[in-house]
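Notes to accompany the following structure.
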Amino acid sequence: MKKIILAVPKGRISNELIPLLETMNIKIENDFFDSNTRKLYFKTNHNNFEIIRVRSFDVATFVAFGAAQIGVAGNDILKEFQYNEIYSILDLKIGKCRLSVAKKKDEINQIDDQKGHILVATKYKETVIDHFAEKGIRAECIKLNGAIELAPKLGICSTIVDLVSTGNTLKENNLVETEVLLNITSRLIVNKIAYKVMNSNITNWVKRFERAINE
């Protein structure tokens with residue numbers, strides 16, 4: 001039986017995924033749980049099932065290019081990259097949050113699109129451009145990969161688009177959530193070619209995920 005590689009994101013989603021994997025009787029080698037490890041490739045108790053751990057924004061790319069046959073990625077990432085090489089198979093119902101527009105509290109009532117232009121700090125460039133284009137507004141994106149809430153505070157711009165969970169980080173940085181672009185959960189994704197070539201094997205693992213979600 002051919003090997004299946006599962007790409008999982010680092011951080012919170014990885015932690016939320018572990019109980020699902022345990023329900024599926026997937027036991028990952030101990031290094032996976034070592035916060036000091038620099039390993040990215042991990043074996044499991046199944047000889048034909050291994051795991052790679054990468055940045056959340058890279059999961060879809062690894063799956064799209066066939067380096068991993070399946071992966072776990074938020075629908076925010078799928079929307080941003082829109083890879084044709086991927087099937088979104090299953091909503092895993094973990095990693096719940098939202099992608100939102102937020103503005104400086106003292107500028108929330110200002111009309112910043114009078115000239116059909118807005119400056120936005122975000123790492124979701126394509127999603128933001130498409131969203132504001134639907135409103136007839138040209139969005140110019142300042143690409144940041146972290147600490148996005150600092151952009152308005154330091155005068156780079158007054159608007160950001162970022163992930164929001166509790167909203168506490170926004171409040172602490174004097175920002176107000178003004179619009180939700182997307183409600184997010186993590187999805188099980190599959191490389192289309194792998195799904196055709198390894199259909200029975202991948203389908204078996206998809207069914208295991210499905211049963212684990214419903215338990």
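The values are calculated or read from the model by the stated rules, or taken from the named source; none is laboratory data. Keep in mind that what you see is a predicted model, and the values were worked out from it rather than measured. Using ideal geometry, Cβ is built from the backbone for each residue, glycine included, and neighbour counts are taken over all protein chains shown.
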Can you tell me which residue within the range 34-71, out of those that are outside any strand (DSSP E or B) and basic (Lys, Arg), is surrounded by the fewest Cβ atoms within 10 Å (Cβ to Cβ)?
-> 38
Can you find even one residue in the range 152-162 that is over 17 Å from the mean Cα position of the chain (by Cα) and either within 30 Å of residue 62 (Cα to Cα) or charged (D, E, K, R) (or both)?
-> yes
Extreme residue, nearest to residue 81 (Cα to Cα), among residues of the range 33-59 that are β-branched (Val, Ile, Thr) and modelled with pLDDT of 95 or more | 59
Residue set 185, 169, 178; condition more than 30 Å from residue 48 (Cα to Cα) and touching an Asp or Glu at 6+ places or on another chain (Cβ under 8 Å); output residue 169
Assess whether residue 78 counts as being within 25 Å of residue 126 (Cβ to Cβ) and in contact with a Lys or Arg (Cβ under 7 Å, 6 or more places away or on another chain).
-> yes
Failed criterion for residue 172 (all others in (1) in contact (Cβ under 8 Å) with a residue 24 or more places away in the chain; (2) at negative phi hold) | (1)
Within the bounds of the range 100-111, is there any residue that is within 30 Å of residue 5 (Cα to Cα) and under 16 Å from the mean Cα position of the chain (by Cα)?
-> no
Looking at the range 156-180, which of its residues are over 10 Å from residue 104 (Cβ atoms) and surrounded by fewer than 18 Cβ atoms within 10 Å (Cβ to Cβ)?
-> 156, 165, 166, 167, 168, 169, 171, 172, 177, 178, 179, 180
